[in-house]
Amino acid sequence: MSQSRDEMGTPDDSAAMRIESHTLLGPLPDAAEVHFTFDGQPVVGRAGEPIIAALFAAGIRVLRTMPQSGEARGGWCLVGRCTDCLVVVDGVPNIPACITPVADGVCVTTQYGLDHSDGNALDPPPAPNPSTAP
Ligand code: FES
């Protein structure tokens, strides 16, 4: 069963997770902090990591919604193939968060629905006009 963006709620510190020490890979190497925002909220990431890693570590799981159903998506393949993690970065829609390194000062927002050619991915698709229906 899928959940909508509203049903998923807001970021929760209890959902935040970053593996600090891995059995096979060892301790997490040092990295500079990177400060950016997601939907206007400050997020701290690690230099060089993908946007999605920083968001997951901050407890953020919903990155986009589906155009028709509004169902929430938060990444699936994590290698740039499925489009489940598309976000808007500095006003540019359709950025795959799983393969895009986080950068200091970027403004990342949820992508609601489709990329609209007018450049505003946050607008809902226009309602069909019944007077022009075939
Ligand atoms: S999670 Fe599949 S493209 Fe990013």
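Residue by residue, the range 102-112 carries 3J(HN,Hα) couplings of 6, 10, 4, x, 6, 10, 9, 9, 4, 9, 8 Hz when phi is fed to the Karplus relation 6.51 cos²θ - 1.76 cosθ + 1.60 (θ = phi - 60°); x denotes Gly or Pro. Taking 0.36 nm per residue of sequence separation and removing the Cα-Cα distance, the residue 20/residue 39 pair yields an extension gain of 4.2 nm. Exposure proxy ranking for 106, 44, based on other Cβ atoms within 10 angstrom of each Cβ and starting from the fewest, stands as 44, 106.
Rule-based calculations on the coordinates, nothing more; no lab input. No experiment lies behind these values; they were computed from the predicted model shown. As a convention, Cβ positions derive from the backbone with ideal geometry for all residues, glycine included, and neighbour counts pool all protein chains shown.
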